[in-house]
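Colleague: Structure provided below as structure tokens; questions to follow.
Read the figures in this text as sums done on the coordinates, not as results from a lab. On a predicted model such as this, the values are computed, not experimentally measured, just so you know. Here the Cβ positions follow ideal geometry from the backbone for every residue, glycine too, while neighbour counts run over all protein chains shown.
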Amino acid sequence: MKEKVTKNVDELVDKMMRSSHLETPSFNFTNSVMQHVTAISKNKVTAYKPLISKTVWSFILVGFITIVIYAVFTTQTETSGWLDSVNFSLFSNNKISQMLANLKFQNITISKTVIYAFVLFAIMVCVQIPILKHHLNQRFEN
């Protein structure tokens with residue numbers, strides 16, 4: 001029974017193939033398809049947009065130059081900064097520092113410049129993380 005159905009289907013397909021004509025696409029078929037493909041691909045292309053714009057870079061540059069000029073032209077013999085009022089005794093009066101003192105590391109001192117750099121680094125990290133998180137959330141929501 002199954003062979004008879006298969007034979008009938010084969011005969012039907014053969015008749016259809018003989019009676020059908022070879023269809024050819026229109027003259028501009030390839031060009032019109034390619035135009036549609038390029039139109040679709042242009043819509044999905046993401047344009048490059050820098051994370052920090054040129055105006056922000058110019059403000060950063062002006063600020064940096066201002067700080068350098070200020071540092072060059074203002075010289076004081078004794079400076080009293082805002083970090084001098086912070087009590088860092090917690091870092092020197094604890095068990096770890098006493099253990100390091102026993103290991104002959106008591107002569108190591110950390111300069112104020114290094115402390116300023118670490119504080120500035122911590123502030124910049126705390127500022128940049130929310131900004132980058134917001135940027136990435138906006139990017140992946142679209």
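Colleague: What are the lysines whose alpha-carbon lies under 26 Å from the alpha-carbon of Lys49, with same-chain residues fewer than 8 places away excluded?
Modeller: Within the straight-line limit of under 26 Å, Lys49 reaches these lysines: Lys133.
Colleague: Right, next: Mind running the shape call on segment 1-41? Use the C-alpha gyration tensor, a ≥ b ≥ c as the square roots of the eigenvalues: rounded below 1.5 for a/c, prolate if a/b tops b/c, oblate otherwise.
Modeller: In terms of gyration-tensor shape, oblate.
Colleague: Starting from the Cα of Gln35, step 7 Å along the direction of its Cβ; do the same at Thr66; then give the gap between the two resulting points in nm.
Modeller: 5.5
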